[in-house]
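The values are calculated or read from the model by the stated rules, or taken from the named source; none is laboratory data. Keep in mind it's a predicted model, so treat the numbers as computed, not measured. Quick reminder, even Gly has a Cβ in these numbers, built from the backbone with ideal geometry, and neighbours come from all protein chains shown. For accessibility, only protein heavy atoms count, side chains too; no ligands or nucleic acids. Shrake-Rupley method; radii C 1.70, N 1.55, O 1.52, S 1.80 Å.
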Number of protein chains: 2
Amino acid sequence: MRKALLLLAALPAAAFAQVTGAPSPPPRTEADARVERLRDAALKDDVAFDIMEGLTTEIGPRMAGTQQEARARTWAVAKLKSLGFRNVRVEEFRMPTWVRGAETAEIVSPFPQKLSVTALGQSASTGPNGITAEVVGFDNIEALRRAPAGSLRGKIAFVSHSMTRTQDGSQYGFAGPARWNAPQVAKDKGAVGIVIRSVGTDYHRNPHTGGTNWAVPGEGAAGNARRSGAVDPSTLPAIPAGALSLPDAENLGRMLERAPRNRPVRMRLVLTPRWIGQQVSGNVVAEVPGTDPDAGVVLIGGHLDSWDLATGAFDNAAGVAITAAAAKRVMDAGRPKRTIRVVWFGAEEVGVFGGTEYHRRHNADTGRGRVVLVGESDFGADRVWRVDFGLGPQNKALGDRVAAALAPLGVARGGDRAAGGADVGAWAREGTAVIDLQQDGMRYFDLHHTPDDTLDKVDREQLRQNVAAWTAMLATVANAPEEIGRASSPD
Amino acid sequence: MRKALLLLAALPAAAFAQVTGAPSPPPRTEADARVERLRDAALKDDVAFDIMEGLTTEIGPRMAGTQQEARARTWAVAKLKSLGFRNVRVEEFRMPTWVRGAETAEIVSPFPQKLSVTALGQSASTGPNGITAEVVGFDNIEALRRAPAGSLRGKIAFVSHSMTRTQDGSQYGFAGPARWNAPQVAKDKGAVGIVIRSVGTDYHRNPHTGGTNWAVPGEGAAGNARRSGAVDPSTLPAIPAGALSLPDAENLGRMLERAPRNRPVRMRLVLTPRWIGQQVSGNVVAEVPGTDPDAGVVLIGGHLDSWDLATGAFDNAAGVAITAAAAKRVMDAGRPKRTIRVVWFGAEEVGVFGGTEYHRRHNADTGRGRVVLVGESDFGADRVWRVDFGLGPQNKALGDRVAAALAPLGVARGGDRAAGGADVGAWAREGTAVIDLQQDGMRYFDLHHTPDDTLDKVDREQLRQNVAAWTAMLATVANAPEEIGRASSPD
């Protein structure tokens, strides 16, 4: 696949259309040719990998609100300046901060052995002595929801589920509720704790962490207080909640099947995370100043924070590296018409605090600060395979030019339902134009939020293809002669 | 590959020879036909998987000398009796027992982050507060050996090395010295601790444990005191010794390259394993009694103990399961001529105590107890691809019949250098006949001695092929009309 990709990349777009018999592209202009040259040069990019290597080696895990994330911001400012970006700065904010403690799980009866567990973000603590209780198993969150009220009093719920690898990552929506919502459901039914089968697709003894959502009392399990930003999550009632690795979850499932009726499966669970109050996080901002202050800003980025279990290579050193490397390529080719603003967001994993704060502060910016188009890279380091647009009807030709510039990289045109990612989603939701470069997700949920999300997982050729795709997109939109309008009117 | 294997298995041996143009097999007898029927029926075996599932689910990790290993023996006796074996018994022995404690490693300067570490078997303790020292890196054990005397005083040595997947597992001998011997070499040069790149081939955050060898004072680094059984390893001078996962080892390597000259890489290492004195281990023995007490015993098996990090599916629930399932198939087809004795050895991982003890006690057995042929399964659950013999010249025809019975399973004839495994090696070394059914090792060192050695890794079709191979071999040798002599004279 790698070989085929490079071959296609070497062909000019016109030749590609001929080979495949696709409809004739729009007439090729000198501007198109410039984009193609930039794109093809990016297939030899080393800047993105260098950023990833530096961040994962010199900083490592970058949990939001911690000293590690603060060190990452300092590192990021120095790196972005050294790459030649302008107006490099940190926009700080404060957010309630949760940190991991001890975490162990062991079956005490009838088949004593340890299981591999990690606390979900915003889990309550069991206290240092842990809790010991009977385990009640459910095949999925729907089965848990059907459990009678009060039936889990004094028990530890275990929620399993299935999850299949999908290229577009869509099974995150299918399996994710076991993490996002099942803890609150179990709490509502009286459980003293919950362990879930990790929301992931690999069979290694590395559980997948990730945030869970506790409800505002009275709002019920559907409440998604965390994402709203309106409620301090550290104030919400919670129970201890952990994830087991897939091998451990399946082992626990077999134990539940094999346990004699008079000797139920009992687990001792120790999770001692804690809230350490309001701490500083921040967004790191860097710019490629445009020649036309009235043309608006193209806002792109990824998130600088990571979960604490790994060095966060896929999630999301890749995203900050890809977007910065592409912006640098456009910058080095000469000042673009529009300002490109690269933001490395803080505190995404624990509740999209950085993205939410950035939108809140800058949504009303006018004049030189007006954001006209957003894009985000936050789905690993594997290749871009589809482009989705969220452009207004007046910018159809712009979308056509972007699609044509991406096609030689093996990127197909998708639909018109681009939504941005978590950090720029607020812009897209209120009508700002958005372009999504969709990455291949077949490996993503093997690594997502596990200790295994490390630099060695990066395929350098696929990473370069990402840089090339972003370079092609950015060079096109940043220099587009036409006005970039809104995708839709504000609500 | 699986499909092709089953297709071949379905063909009678004669047809197979025709297809491949191989030399004509010896005339096919009724005895050969019986072996073939048993072999082919074994391709539908469920007994081996059932044993593996039971042992990994109901017992889990089975560290030598611990209560978990004792529970495994009780489980094993009940299981072997329920399968119909006779003379099921435990032969206990005592051995010095080492158990794991806390284990953490973190870089404190210049790039603070945690690394994934596990103690090597027989590591000394750092004490609960750990040791903090500068890390000095070596590309391999040879580079460490070249370090000047005293040059590691007060330092933590880091030994990297390369290891490539090999089908025959031969790179264990190439990379293994980094674990077996480097700790003693580092100690001799004054190091206060050592971390090695795991002896393994996977890129998961799961370090590979395994025993290391400390020297008897005065004997130097080449001393292999552990395996000799002559010295109590708990009495030997040692330093703290751990293994890093491959992603962590490579990260540490990058840190050593990137650290400023005036800010060397410093690690805090906490390993608190301890020796808990002489504890009970044991070999679990079961028999299929033969009809001819004078024909000698065929001794086969694997090891019941495992390292403590995983449920020991490949290492070595597979071996005890495969050998017992095959013996049961021969048993259920009618009493064989020779007694088949299945031994599930104890305390292999920590120094081959069970195998050594078994040989010591039974080496001189005569009459009904005389062992005439040995075999061992201790290389995972993937398919048998080669058979190696260690038979006397008088038993050439027996080897030919075994090879012919195995060929339809895709098992090629190797050489005449069979050595048994660790647990039956003492028999082979002193001249007892031996047959090695060599398993495919391409995945073995991804899992070996890691937390990842769990049931989900088992490919049930390959496991069945193992049972079929062992059934064919056992049915042939246990019923061989000729005398099975020694491969060589005793030393």
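Structure data summary
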{"item": "Eligible lysines near A:K44 by straight Cα distance, threshold 16 Å, same-chain separation 8 or greater", "result": "A:K3, A:K328"}
{"item": "Per-selection Rg to Rh, segment A:434-491 - Cα, Kirkwood hydrodynamic radius", "result": "1.13"}
{"item": "Under 16 Å from the Cα of B:K81 - aspartates and glutamates, other chains or at least 8 residues apart", "result": "B:D50, B:E91, B:E287, B:D332"}
{"item": "Sequence-distant lysines (8 or more away, or on other chains) whose Cα lies within less than 30 Å of A:K155", "result": "A:K114, A:K187, A:K189"}
{"item": "Cα-based equivalent ellipsoid, segment B:110-204: semi-axes from gyration tensor eigenvalues, Å", "result": "23, 17, 12"}
{"item": "Other copies of B:P264: label-to-label distances in nm, shortest first, labels 7 Å along the beta-carbon direction", "result": "5.7"}
{"item": "Percent of C-alpha pairs per 10 Å bin, segment B:403-469, short to long", "result": "16, 38, 37, 9"}
{"item": "Calculated Rg and Dmax of segment A:360-491 using C-alpha coordinates, Å", "result": "15.5, 46"}
{"item": "Nm distances between copies for B:D294, ranked from closest, using label points 7 Å along Cα→Cβ", "result": "11.3"}
{"item": "At least 50 Å² of accessible area lost relative to the chain alone, listed for segment B:94-117 with a 1.4 Å probe", "result": "B:F111, B:P112, B:Q113"}
{"item": "Ranked by how many other beta carbons lie within 10 Å on average, peptides B:342-350, A:179-187 from highest", "result": "B:342-350, A:179-187"}
{"item": "For residues of B:451-457, the mean tally of beta carbons on other chains within 10 Å", "result": "6"}
{"item": "Where the protein assembly as shown is the region considered: accessible area per residue in Å², 1.4 Å probe", "result": "36 Å²"}
{"item": "Equivalent ellipsoid, chain A (semi-axes from 5 times Cα gyration tensor eigenvalues, Å)", "result": "43, 23, 20"}
{"item": "At 7 Å out from Cα toward Cβ: B:R34 inter-copy label distances (nm, ascending)", "result": "8.7"}
{"item": "Per the axis that maps chain A onto chain B, nearest residue of A (Cβ criterion) and its distance in Å", "result": "A:H204, 2"}
{"item": "Against the rule of thumb 2.2 N^0.38 Å, how large the Cα Rg of segment B:171-211 comes out", "result": "1.23"}
{"item": "Label point at A:D294 placed 7 Å out along Cα→Cβ; residues across segment A:467-491 whose backbone nitrogen lies under 19 Å", "result": "A:478-486"}
{"item": "Bins of 20 Å from zero: percent of alpha-carbon pairs in the protein assembly as shown", "result": "13, 38, 34, 14, 2, 0"}
{"item": "Relative counts (whole %) of C-alpha pair distances in segment A:371-444, using bins that are 10 Å wide", "result": "21, 52, 25, 2"}
